[in-house]
Structure formats: C-alpha cells, structure tokens
Amino acid sequence: MMIQPQDISYRTFYDKLTGYRVSRLMLQAARSGIMEIVGPDGNAYESVQNALPWDTRAAGRFIDTLCGLGFLFRRGTMLFRSPFSQIYLSADSPRNQLNTLHFEEKLQDNWQQLEKVLTNGARLQPVDKSDEEYRQDLRLFLGAMDESAQIRSRELLETISPQETGTIMEIGAGSGAYLAAFLETHPGWQGIFCDLPDVVETIATDHRLIRLKNRMRYAPGNLLLPDDPMWKDLSEPVDLILASNFFHCQGEEENAGILQRLLPLLKPEGVVAIHDFFKDTGHRGALYDLHMMLNTYNGRVYDTEETASLLKSMGVPFISIHPLPSGSAVLYASRRAKYLPEVDPFQVLKRKATELGFTQAVAISPPKVPVARWVREKCRTGCPNYGIKGTCPPRTMEPEQMKTLLREFKTGILLVGEPPLRTYHENLLEMEKTAFKRGFHKALAFTGGPCTICDQCRPDNCRYPAKRRYSLESCGCDVFGLAKEAGIILTTLEQKTDYVQYISLLLLE
Ligand code: SF4
C-alpha cells in the first residue's frame, strides 16, 4: 500500500518494517502443509500441533501466531482456516497461490542484492544453472504466473466485450492462463500462443490448454529475434494482440522492434491490449520497476504516456486505459477510435479525478454514508459559519432528508483532496460535469467545508446558485465515519499546520 500524505502513523512504519516477517510466515505455513492438516472442516488444536514435524511447544507458538494474524482461528479446542487462508493458502482452493509463495522466496534472494545492483546499475550476472535446475525454476515460474493470472485474467476480461468471432494472439503467453480464460469466455474465437520454445514445451501438457487444442495453436519462438522462423509462421491477420506482463521484461528498443514486427499482423480494425504494471496507474508499478532491475537484463516498468506514444508513433493512435482492481492496468490501442473497447465510465471518472489532483477516489455505496443528528449540533454550537454561509445550516438539508436522498442513488465516489478549498470546489464541479456527460444523469456533488466561491457570502441571495454545493457535514454526514467506511485515513488536526484534506461525495446513477 502506498503511504498517503496524511499518514504519519508509527503503525504504518512498523507494518512496512516487518512486512517480510509475514511473508516468511506465509511461506512457512505453506511449506508445513498446516492448512491441509487443519483441513476445510477444521481440526483439533492438539492434533494439528502434533502433526507438525517440529518441537511441540514451538509448533504451538507457530499456530498461535497464525491465529493472531488472522490466517487461522480457534474455537474452543478446534482450529479453522480463515476465509483468506482458505482461498490463497490451501492446496484445495482453485485460487491458491502456493507456487507464487515458493517463487517469491527465490526472488527474495535477488532483493538481498539491491545495494550491489544499484551500484552496478543493472542486474548482476545470474548464477549458472544445470538443465534440470533451469527446468524446475521455469516450472515454478510458470506455476506462479498461472496463479496470479487466474485472478487477474477475470479482471482483464471484464474490460473487453469483443465481437462474436475473431483471432487473438497472445505474446509471451507464459502459462496460457489469460489466453485460455479468453477463449473459454469467447467460444467463437481462435487463439495463437506465442512464447519461447522451452515455455511451449513445458506448458503444452496443461489440461486446460489441451481442452482448447482445436481452437488454439502454438507459435514457439523468440520474439526478440527478427529472423526467428516463428515470424514466417505468423502470417494470418489477427483481431486482438494481447501482451500481458510482457513489455516490462525488455528495454525500449526491443519492445519497439517487437511491435514493429507484430503490428503488420493486426487487422485494420484490430486492437492491441497491453496488460501490465504501469508507473502511473498505481503504487505497484513503482516497486515493480526495481524488481525488474533486479531480475531482468534491461526490463523496466513504463508509464502509460510513453507506451501510448510508442503505439501512436507506429500508427495505432487511439488509446484507452483501464486500471484494474489488483493494481495492474490494461492499455488498449487501435487505429480508429470506434474499435476501442467500451470504456467503463466509473474508471474514466477515477482517472479524471487523478488528473484533477484529487489524492484519492474511492467508490462508496450511498446508503452506507453515516448521517446523524449530532453532526448538525456540532455545526449549530461550534461553527462560526452557522447561519452565515448560504451552504451552511440552517439553510441546508435536514439529516432525515439527506438519508432519503442517499437512498435514491445506486453508487457514489468519495473524492479526497487538498487546499486551497476554492480550487478543490472547482475541481469537484468539473467531476460532476464529467459524470453527467458520461451518462450519470443524476450526478450530484456534496462538497467539503464552507462555500468559498465569493469573498463575501450573500446567504439569502446567492450570486452563483449553479456553482454552490452543500457540504457533506452541513447535511448531517459524519465525515470521519464515512472516511473510515471507505478505508481513508482521516484524523483530527492537532495543530493548524497539520496536513488538511477535504472529502466530498459525488453521487452517481
Ligand atoms: S456562491 Fe457565493 S453567495 Fe452563494 S453560497 Fe457560495 S459564497 Fe455564498
């Protein structure tokens, strides 16, 4: 998680400091098979303790730690998996991440080299591996990629609804999880799987891919080499080129070369989909960039702007970007705007919020907005603007009216920003206008703080009624409670110089 500007808590410092301990704990849990010993229906504490191949008292402390951190929970003498462990740490879960955990352990060794790599300016020469070691690592790598793709492919597929039939080519297809998920969702499509011959050989026995063998073919080869025989084999035009977590493995020149060779294969109405961690679409991209420095020869994380520029320079100028819930994003590019996948209007609003300088934009269900009478009493008895400003009580909505109004909206977005308040308010109005234009015809904004449009307010004869908006707190909304509900850290100010942030609500439908 990125540290928010207002977060000065020691707790965050400590969580960051000790994150590796939790990572080690999860790995040890996976290694010990404790989730399988506990089982889907639970097991007696003592049986689990005795089944672990360690000193009994130490095993008890290990179990207690897992309980303390929410990986297991105890009811009387019984132990149970938590829902989190059930999904991610249990071998019987289709979404388990056990290969990922084991692969991360190998990556941790490379992170130990950070100082040396920074001094060197590039990755250190990797240790030579035997053929068997290489194959084992490749299998583990593909397994880890597959587990993550099982989760991320669903998010990716939600951003695209293509025509009934077509051909998709995935480059750097890895475990084939994205390609398989796409073909399973779109039965009229054919697929081309491109990756290194070693990868194709390792993955070709995967039962999911075998099931799709009549609709998919392999094109083994090295995309980096312009004279690889694979290019001769890739002659049919395709509707969709997918590159998932691929471009970050190479430098700019290699990527430009690959695109130059690939784009002639794209039909005039075709679409390129680049799914990756980007520097500017979430904090994960920043960390991933160093990760690439440590683990690849010249790979790095790109931002959406430079990726879009590269595609534009190659005659694919129309771009749309969709950040995905797990921290990656997909960038679509096409030669004509009308061929781009439909854009999720909610994601457009989030992006617009970032452009306007809001520090956070968080979706919220309007009925969950806490509204209470005590908030109005705080206005009446403690605020100098009471009765003075046209957007302050008693000229605003009563809490009961606010509750009714909130029930009339399906969704909303909380917008967090910084002073000056007048600019913040103007940006909020811009957000409301954008939402309206994007089809949210009921878009209605509630601001944070008193109206600052005019230097001198005329409360009963407002100069700019089209611009004024009630503040959330003036209508009885408990803004601190609301922030908590949305996972936004908001603290009371101890001093005037403390970091101030405003919270507003844009109701949408
Ligand atoms: S727009 Fe001006 S007059 Fe109207 S409420 Fe705001 S400050 Fe007062």
### Largest to smallest principal axis extent of the C-alpha atoms in region 232-350, angstrom
38, 37, 21
### Query
Any idea what the dipole of region 1-157 comes to, in debye rounded to 20, about its Cα centre with Lys/Arg Cβ at +1 and Asp/Glu Cβ at -1?
420 debye
### Task
Identify the residues of region 445-459 with backbone N under 15 Å of a label point that sits 7 angstrom from the Cα of Ile388 along the Cα-to-Cβ direction, or state none.
449-459
### Query
Using a Förster distance of 25 Å, how high is the FRET efficiency between Cys454 and Glu485, based on the Cβ-Cβ distance and rounded to 0.05?
0.15
### Cross-link pairs Lys116/Lys312; Lys232/Lys279; Lys213/Lys279; Lys279/Lys437 - those with Cα-Cα distance over 32 Å
Lys116/Lys312; Lys232/Lys279; Lys213/Lys279
### Task
Would you work out the charge dipole size for the chain about its Cα centre, treating the Cβ of every Lys and Arg as +1 and the Cβ of every Asp and Glu as -1, and quote it to the nearest 20 debye?
2200 debye
### Globularity index of region 128-275, i.e. its alpha-carbon radius of gyration over 2.2 N^0.38 Å
1.01
### Summary
Spelling it out for Gln190: with amide H atoms placed in the peptide plane at 1.01 Å from N, the residues 5 or more places away or on another chain with amide H under 5 Å from its amide H are Gly166, Thr167, Ile168
#### Entry: Radius of gyration and maximum dimension Dmax of region 449-497, Cα, Å
14.4, 38
### Message
Give me the one-decimal nm value for the distance between modelled label points at His102 and Tyr134, 7 Å along each residue's Cα-to-Cβ direction.
### Response
2.1 nm
### Query
222 nm [θ] for the chain, helices only, -39500 (n - 2.57) per DSSP H run of 4+, per residue, to 500?
-12500 deg cm²/dmol
### Task
Tell me the label-point distance for the pair Thr404, Glu305, using the 7 Å Cα-to-Cβ offset, in nm and rounded to one decimal.
4.9 nm
### Task
Please compute the net charge surrounding Cys67, taking Lys and Arg as +1 and Asp and Glu as -1 over other residues with Cβ under 15 Å from its Cβ.
+2
### Query
Can you give me the relative contact order of region 129-277 as a percent, contacts being Cα pairs under 8 Å and 6 or more apart?
22 percent
### Query
Once the convex hull of the C-alpha atoms of the chain is built, how many Å³ does it hold per residue, rounded to a whole number?
208 Å³
### Summary
On the formula 1/(1 + (r/R0)^6), with r taken between the Cβ atoms of Arg24 and Phe84 and R0 of 25 Å, the FRET efficiency rounded to 0.05 is 0.90
## Note on the structure
The alpha-carbon pair-distance distribution computed for region 364-509, with 10 angstrom bins and whole-percent values, is 11, 42, 39, 7, 0
### Summary
If the chain between Arg395 and Arg261 were fully extended at 0.36 nm per residue, the gain over the current Cα-Cα distance would be 41.7 nm
### Two-site label geometry, Lys442 and Asp289: point separation in nm, points 7 Å out along Cα→Cβ
4.2 nm
### Message
Along the charge dipole of the chain, pointing to its positive end and built from +1/-1 on Cβ of Lys, Arg, Asp and Glu, which listed residue (Gly19, Ala59, Leu118) has its Cα farthest out?
### Response
Gly19
## Note on the structure
Taking alpha-carbon centroids only, region 152-198 lies from region 1-62 a number of Å equal to 36 Å
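Read-outs throughout are calculated quantities, based only on the coordinates presented, and are distinct from any laboratory measurement. Values in this document were obtained by computation on a predicted structure and should not be read as measured data. We place every Cβ from the backbone using ideal geometry, glycine too, and count neighbours over all the protein chains shown.
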